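What follows is a short report on a single structure.
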Amino acid sequence: MHLKEFEIRWSDVDANRHLGNSAYINFMSHTRMSFMTEMGFGHTEMAQNNLGPVVLYEHMHYFKEAFPGKPIRVSLELKGVSEDGMFFQFYHNFYDYKGRNIARGDMMGAFINLKERKLTGLPISLIESLNKIDKADGFVTLTKEDTRKHGHIPKDLA
């Protein structure tokens, strides 16, 4: 499991003077991108392959509050990936300075071709890097159907 530590800054706190929900999302994103860079998915590799990661959904579950003055740690675990690397799913757990689990995030994303602006699979070298990531308990091979498992589909205005 990958862990990244964060200081709760003044700008991370909401009107209730605890860590705001947007900060949780930002900490998850920062944890993912720093880890992905370590695994060979940095800006250089993404640019060379004309790729960009996109978030399809993020679900948050809050258990306890977090306040400024004490660090938090955010974990990253690979929950699933499609065979072509197009779709991926991560779990993030948030821990306070005592190691207590204070929140959990579940996110699913995909890769797009930045020129065509369409979903795309990964080159084999990046699939091999993705497959080296430690897998979470209950790891699954994702399919396109998994992206719609919550029943949300677009409905345009008439």
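The values are calculated or read from the model by the stated rules, or taken from the named source; none is laboratory data. Remember, it's a predicted structure, so these values are computed and weren't measured experimentally. Cβ sites come from the backbone with ideal geometry, for glycine too, and all protein chains shown count toward neighbours. The protein model used for the area step is the full one, side chains on, heavy atoms only, and it has no ligands, DNA or RNA in it. Shrake-Rupley method; radii C 1.70, N 1.55, O 1.52, S 1.80 Å.
In table form, for the structure just shown:
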{"read-out": "Candidates GLY20, GLY105, GLY69: whichever shows maximal mean-square fluctuation once the chain is modelled as a Gaussian network with Cα springs under 10 Å", "value": "GLY69"}
{"read-out": "Computed helical MRE - 222 nm, the chain, DSSP H runs ≥ 4 contributing -39500 (n - 2.57), nearest 500", "value": "-6000 deg cm²/dmol"}
{"read-out": "Whole-angstrom Cα spans of the stretch 4-77 along principal axes, big to small", "value": "43, 23, 22"}
{"read-out": "Summed side-chain charge close to GLY99 - residues other than GLY99 whose Cβ falls under 13 Å, Lys, Arg +1, Asp, Glu -1", "value": "+3"}
{"read-out": "Directionally averaged projected area (convex hull, Cα atoms, the stretch 6-158), nm²", "value": "11.3 nm²"}
{"read-out": "ASN50 versus ASP156: modelled label distance in nm, points set 7 Å from Cα along the beta carbon direction", "value": "2.6 nm"}
{"read-out": "Spatial separation of Cα centroids for the stretch 1-49 and the stretch 123-144, in angstrom", "value": "20 Å"}
{"read-out": "Magnitude of the charge dipole, the stretch 24-151, Cβ model with Lys/Arg +1 and Asp/Glu -1, debye to 20", "value": "380 debye"}
{"read-out": "Of PHE88, PHE27, PHE139, the one that fluctuates the most in a GNM where the chain has Cα springs shorter than 10 Å", "value": "PHE139"}
{"read-out": "Accessible surface of GLU145 - all protein chains present, 1.4 Å probe, nearest 10 Å²", "value": "130 Å²"}
{"read-out": "With all protein chains modelled, accessible area of ASP96 [1.4 Å, Å²]", "value": "20 Å²"}
